[in-house]
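Undergrad: If you scroll down you'll find the structure; I have some questions about it.
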Amino acid sequence: MIAKTLEKELNLANWQVKKVIKLIDDGNTIPFIARYRKDVTGSLNDETLRKFDERLKYLRNLEEKKEKVIKRVEELGKLDDELKNKILGAETLVELEDLYRPYKSKKQTRATKAREKGLEPLAQIILEQDVSESVKKIAKKYVTDEVKTPEEAIQGAQDIIAEVVSDNSDFRKKIRQNTFYTGQIETKAKDSEKSTEYDIYYNYSENIKKIPPHRILAINRAENEGVIKGKIVCDSDEITKYLNRHVLKNVSKIPEKIEYNRFTTPIIKEAIEDSYKRLISPAIEREIRNYLTEKAEEQSIEVFAKNLNQLLMESPLVGKTILGWDPAFRTGCKLAIIDETGKVLDTALIYPTAPQNKVNESIKTVRELIKKYDINVIAIGNGTASRESEEIVAKIIENTNVEYIIVNEAGASVYSASKLADEEFPDFSEGERSAVSIARRLQDPLAELVKIDPKSIGVGQYQHDMNQKHLNDSLTGVVEKVVNEVGVDLNTASYSLLNYVSGIGNTTAKNIISYREENGSFSSRKELLNVKKLGKKTFEQCAGFVKIDNPEYPLDNTTIHPESYDATFKLLKKLNYTAEDIGKNNLRLDNVNLEEISEELDIGIETLKDIIKELKKPGRDPREDMPKPILRKNVLSIEDLEIGMIMQGTVRNIVDFGAFVDIGVHQDGLVHISQLVADKFVKHPLDIVSVGDIVDVKVLDVDLFRNRINLTMIV
């Protein structure tokens, strides 16, 4: 059942599903399977494998719950073949919950109280409609010390009927579908006189089926902040008619005939209306709102994940000495200089901004630092006092070869106050740590950003409003994917980087650092087996993702896995090469007969292709192909912008309705989804642009009052 579902949902062959399930159950990580088991899986990529893993867990959980439901209903003596088959055929947890609802232990409800008073037989008599006298007269038989009057007995029977109708899984499924496809979500302002960022939702309605994810999240936030009240509306009369028709038909003795009994039918209809308004409708509304929120969160998390992936894959600024500048007013601007390896050379504190305004003194200090350390680039954080700092930096670098760039410092303050930062720079102030982080983010975005909670990096939308576990799992997966795609230097990688390497994790990462501190640099990958608690399975999972500069064994600085070393050396020998030839331009590997060599070396064709690719360019960083950061020498402000001006900028964030582009004026401009390309429908901005892309844009509109810039990429 599970295998069939995965085949259908992910469009996979049965053999692929079986192989991947076995690989996962054997304890292999997704990055390892994606890179080193291509021949086993049919080259399934990381994204597909993560979806597979997520759905496998969901479906296994569903099967486990089915078994529990069947066991519970069987214990109650209510299980028959029809119900069992329905339970086994349930495709979602919601569907399973509908089927189990009538048999669940309920809290005290109006119906359970009525049953305790002995009114279930009366409810059954009314439902059967086989009476020829007043129900009130029949109800007199049920008057007791607890049931004072016939009217009270009838009301109790109606409460039972209402719950029976509400617990019917077929009714709930039909009503849920009807509400979803025909209903609307409506919102009203709690105080229409008060202006907020949610003005658009003060008197708003939209079809449930068509409402885009970002509007659902905006409505949820506005509700949580007490600005609006939202509800789902639909044609309740049609739903009540449907229930009347099916309930009365089901109790009729004649199939397909709706029988009217003047004594019982009005009572049943009242119970049905109460069932819908009091029990079914509120529950269906909650379910649909939850469903819409879940889908909106999934979309938002997917966008966030893709943005994060692009951000982490941004090209490092190699071979530069960088001055990190953490701007501020009262407390002064904190500076940190790092060399081309990221080592901190010096720190300083200057006060060029208000209230001290020690501009000349600050300019002198920074120019001395530039001369002393041969600084190439100044990285300015985009926080408070960034604009003022940029103006001063522009003066400082006049008539020099130094350039500057504004760096997104989102999360830098979180890092600087963290335990990790305290361990890394115990003698530094939080401001100095932040300045180091700003400089390092420019130098190597991946190495620095892995130290920060991905939610704090600033490339998402409504990230604090959604399911934090789902968000964290997704973003952690992205960081893991990128770290393993890029690879890490075993002798220089921080704990934060090692922690994301396939198979390593928290404890092993710390043990690797400890081993390195005690024994010096690793000379080979196999030396990892000497690390405490790092066994053969962990070695298998991580070895291909860690590299060693100038290693004892040449292949240890490649992405070729140690399990393929023998095959690689045989390949080199067959082609009359040696290990010393690896990485040299004289390697001729383009005309290799893959099928023949694969069979001869007893390795898969996909593995062979990866080996050949790596031998051509060993240790190549995939980030080299990404756009380089735009460095500047002159200041530009929002006041300098003119409509029609064409500029170059960097995509900083992508949301459902467009992309935000940094054009160097301290306020990212919005390229609405309709302005991404001409004469083409764009389903989502991610289909056109990615975070980090360098794009040409034209200024459409500048709103100085609201500090907003509208841009177009149709130039």
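Residue-by-condition table, conditions (1) β-branched (Val, Ile, Thr); (2) surrounded by fewer than 15 Cβ atoms within 10 Å (Cβ to Cβ):
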site	(1), (2)
590	no, yes
595	no, yes
612	yes, no
618	no, no
629	no, no
635	yes, no
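Undergrad: Of everything in segment 285-300 that's buried (at least 17 other Cβ atoms within 10 Å of the Cβ) and within 18 Å of residue 239 (Cβ to Cβ), which residue is farthest from the chain's Cα centre (by Cα)?
TA: The selected residue is 285.
Undergrad: If you don't mind, another one. Tell me which residues, restricted to segment 183-240, are charged (D, E, K, R) and either in a loop (DSSP other than H, G, I, E, B) or closer than 22 Å to residue 684 by Cα (or both).
TA: Result: 190, 191, 193, 194, 197, 206, 209, 210, 215, 225, 235.
Undergrad: State all residues of segment 115-135 that are among the charged types (D, E, K, R) and either within 59 Å of the chain's Cα centre (by Cα) or not assigned by TED's automatic domain parsing to the domain that holds residue 165 (or both); if no residue qualifies, say none.
TA: Matches in segment 115-135: 115, 116, 117, 120, 128, 130.
Undergrad: Does at least one position in segment 368-383 carry a residue that is in contact with a Ser or Thr (Cβ under 9 Å, 6 or more places away or on another chain), assigned by TED's automatic domain parsing to the domain that holds residue 409 and surrounded by fewer than 16 Cβ atoms within 10 Å (Cβ to Cβ)?
TA: Looking for residues that are in contact with a Ser or Thr (Cβ under 9 Å, 6 or more places away or on another chain), assigned by TED's automatic domain parsing to the domain that holds residue 409 and surrounded by fewer than 16 Cβ atoms within 10 Å (Cβ to Cβ), one finds at least one in segment 368-383, hence yes.
Undergrad: Right, next: Going by what's in this entry, would residue 469 be described as surrounded by fewer than 22 Cβ atoms within 10 Å (Cβ to Cβ), free of Cβ contacts under 8 Å to residues at least 24 places away in the same chain and closer than 19 Å to residue 28 by Cα?
TA: Answer is no for this residue.
Undergrad: Need the failing condition index for residue 582 against (1) modelled with pLDDT of 90 or more; (2) over 21 Å from residue 318 (Cβ atoms); (3) in contact with a Ser or Thr (Cβ under 8 Å, 6 or more places away or on another chain), just the number.
TA: Looking at each condition in turn, residue 582 falls short on (1).
One line per residue, one yes/no per condition, for (1) closer than 22 Å to residue 608 by Cα; (2) under 25 Å from the mean Cα position of the chain (by Cα):
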site	(1), (2)
11	no, yes
18	no, no
23	yes, yes
40	yes, no
46	yes, yes
49	yes, yes
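Matching residues to (1) surrounded by 14 or more Cβ atoms within 10 Å (Cβ to Cβ); (2) at pLDDT 95 or above; (3) in contact with a Gly (Cβ under 6 Å, 6 or more places away or on another chain):
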{"site": "214", "(1), (2), (3)": "yes, no, no"}
{"site": "246", "(1), (2), (3)": "yes, no, no"}
{"site": "256", "(1), (2), (3)": "no, no, no"}
{"site": "262", "(1), (2), (3)": "no, no, no"}
{"site": "280", "(1), (2), (3)": "yes, yes, no"}
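Undergrad: Scan (1) in a strand (DSSP E or B); (2) more than 30 Å from residue 317 (Cα to Cα) for the single condition residue 608 breaks and write down its number.
TA: Among (1) in a strand (DSSP E or B); (2) more than 30 Å from residue 317 (Cα to Cα), the lone unmet condition for residue 608 is (1).
Undergrad: Only one of these conditions is not met by residue 71: (1) touching a residue at least 40 places away in the same chain (Cβ under 8 Å); (2) surrounded by fewer than 16 Cβ atoms within 10 Å (Cβ to Cβ); (3) not small (Gly, Ala, Ser). Which number is it?
TA: Failed condition: (1).
Undergrad: Quick test of your reading of the structure: residue 589 fulfils all but one of (1) more than 20 Å from residue 35 (Cβ to Cβ); (2) at pLDDT below 95; (3) in the same structural domain as residue 610 (by TED's automatic domain parsing). Name the failing condition by number.
TA: (1)
Undergrad: Of the conditions (1) of a type in the set (Ser, Thr, Tyr); (2) in contact with an Asp or Glu (Cβ under 8 Å, 6 or more places away or on another chain); (3) over 30 Å from residue 660 (Cα atoms), residue 416 satisfies every one except a single condition; which number is it?
TA: All conditions are met except number (3).
Table: residues versus (1) farther than 21 Å from residue 171 by Cβ; (2) surrounded by 14 or more Cβ atoms within 10 Å (Cβ to Cβ); (3) of a type in the set (D, E, K, R).
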{"position": "78", "(1), (2), (3)": "no, no, yes"}
{"position": "82", "(1), (2), (3)": "no, no, yes"}
{"position": "87", "(1), (2), (3)": "no, yes, no"}
{"position": "92", "(1), (2), (3)": "no, no, no"}
{"position": "101", "(1), (2), (3)": "no, yes, yes"}
{"position": "105", "(1), (2), (3)": "yes, no, no"}
{"position": "112", "(1), (2), (3)": "no, yes, no"}
{"position": "118", "(1), (2), (3)": "yes, yes, no"}
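Undergrad: Given 320, 295, 249, which one is closer than 27 Å to residue 206 by Cα and not small (Gly, Ala, Ser)?
TA: 295
Undergrad: Also, quick follow-up: List the number of the failed condition for residue 463; all other conditions in (1) under 30 Å from residue 335 (Cα atoms); (2) within 13 Å of the chain's Cα centre (by Cα) hold.
TA: The single condition residue 463 does not satisfy is (1).
Undergrad: In segment 545-581, which residues are out of contact with any helix residue (DSSP H, G or I) (no Cβ under 7 Å at 6 or more places or on another chain), of a type outside the set (Asp, Glu) and surrounded by fewer than 13 Cβ atoms within 10 Å (Cβ to Cβ)?
TA: Passing the criteria: 550, 573, 574, 576.
Undergrad: In addition: Would you say residue 529 is surrounded by fewer than 19 Cβ atoms within 10 Å (Cβ to Cβ), part of a helix (DSSP H, G or I) and touching a helix residue (DSSP H, G or I) at 6+ places or on another chain (Cβ under 6 Å)?
TA: Against the criterion (surrounded by fewer than 19 Cβ atoms within 10 Å (Cβ to Cβ), part of a helix (DSSP H, G or I) and touching a helix residue (DSSP H, G or I) at 6+ places or on another chain (Cβ under 6 Å)), residue 529 qualifies.
Undergrad: Can you tell me which residue within segment 523-536, out of those that are in contact with a Phe, Trp or Tyr (Cβ under 8 Å, 6 or more places away or on another chain) and of a type in the set (A, V, I, L, M, F, W, C), is nearest to residue 556 (Cα to Cα)?
TA: For segment 523-536, the residue satisfying everything is 528.
Undergrad: Which of the residues belonging to segment 672-715 are closer than 23 Å to residue 634 by Cβ, buried (at least 20 other Cβ atoms within 10 Å of the Cβ) and under 25 Å from the mean Cα position of the chain (by Cα)?
TA: 692 - this is the single residue of segment 672-715 that is closer than 23 Å to residue 634 by Cβ, buried (at least 20 other Cβ atoms within 10 Å of the Cβ) and under 25 Å from the mean Cα position of the chain (by Cα).
Undergrad: Residues being of a type in the set (Val, Ile, Thr), more than 36 Å from the chain's Cα centre (by Cα) and more than 24 Å from residue 247 (Cα to Cα): count how many of those fall in segment 136-191.
TA: Here the count works out to 4.
Undergrad: Of all strands (runs of 3 or more DSSP E) completely enclosed by segment 342-417, which ones contain at least 3 residues that are under 25 Å from residue 454 (Cα atoms) and touching a residue at least 24 places away in the same chain (Cβ under 8 Å)?
TA: 377-381, 403-407
The values are calculated or read from the model by the stated rules, or taken from the named source; none is laboratory data. Remember, predicted model here, so these are calculated numbers, not experimental data. A quick note on method: Cβ atoms are made from the backbone with ideal geometry, for glycine too, and the neighbour counts reach across all protein chains shown.
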